[in-house]
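> Got a structure for you, written out below as structure tokens; questions coming shortly.
The values are calculated or read from the model by the stated rules, or taken from the named source; none is laboratory data. The shown structure was predicted, so the numbers you read here are calculated from the model rather than taken from an experiment. Every residue, glycine as well, gets a Cβ built from its backbone with ideal geometry; the counts of neighbours run over all protein chains shown. When the accessible area is computed, the model is the full protein with side chains, heavy atoms only, and any ligands, DNA or RNA have been set aside. Shrake-Rupley method; radii C 1.70, N 1.55, O 1.52, S 1.80 Å.
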Amino acid sequence: MKKENFFKRNWLVMLCGLLVGAAAVFLTCQGNPKNMGFCIACFLRDIAGAMGLQSASATAENAAGIVSNFRPEIIGIIAGACIMALVGKEFKPKGGSSPFTRFFLGIIVMMGALVFLGCPLRMVIRIGGGDMNAIMGLVGFVLGILVGIIFLKNGFSLGRAYKQSKTEGLAFPVVMVALFIASIAITLFRTSLSGPGSMYAPWYIALAVALVVGALAQRSRLCMVGGLRDAVMFKEFGLLAGFVCIIIAVMGGNLIFGDGLSFSFENQPIAHDEWLWNMLGMSVVGWGCCLLGGCPLRQLVLAGEGNSDSAVTVFGMIVGGALSHTLKIASSGTGTGDNGPTATIVCLVVLLVVSIFNLKKESA
């Protein structure tokens with residue numbers, strides 16, 4: 001296929017990738033944690049802390065712990081996707097496709113992400129900042145997706161989703177927006193006084209940026225998992241190009257506006273250098289997201305489009321973020337949590353069981 005045809009077909013997803021990467025750098029300059037900027041897993045975990053579901057490293061002076069913040073970025077992505085879907089007549093509520101399994105997979109994916117310390121989006125943001133540990137995460141992420149593809153090709157399915165009412169489809173976006181308004185108007189939720197949760201861009205800036213990202217992600221179908229899946233299964237590289245554009249934008253942004261690039265395994269912001277668990281943690285994420293049909297960013301967008309199965313998955317991720325810290329699974333900048341390695345192996349075994357038991361049986 002001619003090069004110009006590729007760009008003509010995929011210019012929107014590539015533009016979205018560039019803007020997402022630029023948004024991550026911009027939000028970091030505005031106060032978000034370094035080499036994070038825009039991490040779905042970390043921000044959902046922070047929301048769990050804000051709601052009192054976890055209090056990592058809490059002290060008398062900082063009762064909320066170090067990772068508690070009702071992040072506007074999450075709300076902006078959901079709302080932006082919802083608005084764009086309504087405007088583009090793509091708001092088509094549906095659900096009922098193995099909701100409990102999806103909730104459980106959401107927990108599993110979040111546990112793997114917090115062993116690595118980041119979702120697929122933060123993985124590429126970290127690569128763009130020179131974090132070589134994220135390269136090991138990428139290796140594991142690809143391996144996890146490849147395993148998931150094997151099961152997809154052999155008939156894995158979570159079942160059919162059914163059409164639902166517009167009220168059902170709007171419930172999740174409306175509730176999340178209402179909770180966010182409450183967090184601003186009456187300080188309903190907790191915010192960390194130290195640690196990553198205390199680092200944040202002004203809420204109105206974060207919300208505005210995320211609204212744009214959510215709208216563009218909805219229109220372009222940007223997905224970290226989908227890019228690799230489509231490249232392997234269908235030889236289609238459009239979504240993967242968006243993936244690469246994020247890295248390019250982050251690298252350029254760090255060179256121009258940040259502290260430059262630091263290619264190393266050591267002393268990276270909010271990251272650890274235990275390569276095996278970085279790799280296996282992201283293997284859990286890749287495999288789990290492949291079974292779910294999209295990365296955490298894509299799940300937020302789908303939930304904004306009225307997909308109640310994705311909304312259930314997002315709630316599972318929030319619960320997974322809480323459990324990861326409560327059960328000492330989540331890693332820190334100094335290394336994996338006490339139970340992180342064991343939990344990672346258990347998650348891989350559970351994914352194998354879920355994958356096998358959801359294979360379609362051929363009719364006689």
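> Please enumerate the residues belonging to region 178-214 that are out of contact with any Cys (no Cβ under 9 Å at 6 or more places or on another chain) and within 17 Å of ALA85 (Cβ to Cβ).
ALA210, LEU211, VAL212
> A further question follows. If we keep just the residues of region 184-199 that are among the hydroxyl-bearing types (Ser, Thr, Tyr) and out of contact with any helix residue (DSSP H, G or I) (no Cβ under 7 Å at 6 or more places or on another chain), which is farthest from ILE40 (Cα to Cα)? Step through it out loud before you land on a result.
Kept after step one, since they are among the hydroxyl-bearing types (Ser, Thr, Tyr), are these residues of region 184-199: 187, 191-192, 194, 198.
Then drop every residue that is not out of contact with any helix residue (DSSP H, G or I) (no Cβ under 7 Å at 6 or more places or on another chain), which leaves 187, 194, 198.
Working: THR187: 22, SER194: 20, SER198: 17 Å.
Restricting to residues being among the hydroxyl-bearing types (Ser, Thr, Tyr) and out of contact with any helix residue (DSSP H, G or I) (no Cβ under 7 Å at 6 or more places or on another chain), the top hit is THR187.
> Need pairs with beta-carbon distance below 9 Å; first residue farther than 13 Å from GLY304 by Cα and within region 154-175, second open to solvent by 90 Å² or more (accessible area, probe 1.4 Å) and in a helix (DSSP H, G or I); sequence gap 6+ or separate chains.
Hits for this filter: PHE156/ILE150.
> All but one of (1) under 23 Å from ALA185 (Cα atoms); (2) of a type outside the set (Lys, Arg); (3) modelled with pLDDT under 95; (4) under 17 Å from the mean Cα position of the chain (by Cα) hold for LEU44; which doesn't?
(3)
> Sticking with this one: Of all residues in region 48-65, count the ones that are crowded, with 18+ Cβ neighbours inside 10 Å and farther than 11 Å from THR191 by Cβ. Give the derivation first.
Initially, region 48-65 is screened for residues crowded, with 18+ Cβ neighbours inside 10 Å, giving 48-50, 54-56, 62, 64-65.
Filter once more, keeping what is farther than 11 Å from THR191 by Cβ: 48, 54-56.
The number of residues fulfilling the criteria is 4.
> Can you pull out every residue in region 43-61 that is of a type in the set (Val, Ile, Thr) and either touching a Lys or Arg at 6+ places or on another chain (Cβ under 8 Å) or touching a residue at least 40 places away in the same chain (Cβ under 8 Å) (or both)?
If the condition is that a residue be of a type in the set (Val, Ile, Thr) and either touching a Lys or Arg at 6+ places or on another chain (Cβ under 8 Å) or touching a residue at least 40 places away in the same chain (Cβ under 8 Å) (or both), then ILE47 is the only one that fits.
> Based on what the data block shows, is MET111 in a helix (DSSP H, G or I), at pLDDT 95 or above, within 23 Å of ALA217 (Cα to Cα) and not hydroxyl-bearing (Ser, Thr, Tyr)?
no
> To continue, here is another question. Just give me the residues in region 1-40 being open to solvent by 10 Å² or more (accessible area, probe 1.4 Å), within 22 Å of ARG221 (Cβ to Cβ) and not in a helix (DSSP H, G or I), in sequence order.
MET1
> Okay, moving on. I need the full set of residues from region 50-63 which are touching a Phe, Trp or Tyr at 6+ places or on another chain (Cβ under 9 Å) and closer than 21 Å to ARG122 by Cα, in order please.
ALA50
> For region 79-95, check the following and say yes or no: at least one residue is under 24 Å from MET51 (Cα atoms) and surrounded by fewer than 24 Cβ atoms within 10 Å (Cβ to Cβ). Break it down stepwise before answering.
The first filter runs over region 79-95 and keeps only residues under 24 Å from MET51 (Cα atoms), leaving 79-82.
Still in the list and also surrounded by fewer than 24 Cβ atoms within 10 Å (Cβ to Cβ): 79.
Yes, the conditions are met somewhere in region 79-95.
> Taking the options GLY253, GLY294, name whichever one is open to solvent by less than 30 Å² (accessible area, probe 1.4 Å), more than 20 Å from the chain's Cα centre (by Cα), farther than 22 Å from VAL67 by Cβ and at pLDDT 90 or above.
Every option except GLY253 fails the conditions.
> Given the residues LEU239, LEU216, LEU276, LEU222, which is the only one that is of a type outside the set (Val, Ile, Thr), closer than 22 Å to LEU27 by Cβ and open to solvent by 10 Å² or more (accessible area, probe 1.4 Å)? Give the derivation first.
Details: LEU239 fails: closer than 22 Å to LEU27 by Cβ; LEU276 fails: closer than 22 Å to LEU27 by Cβ; LEU222 fails: open to solvent by 10 Å² or more (accessible area, probe 1.4 Å).
Answer to the check: LEU216.
> Considering only residues that are more than 21 Å from the chain's Cα centre (by Cα) and among the hydroxyl-bearing types (Ser, Thr, Tyr), look in region 321-348 and name the one that is least open to solvent (accessible area, probe 1.4 Å).
THR342
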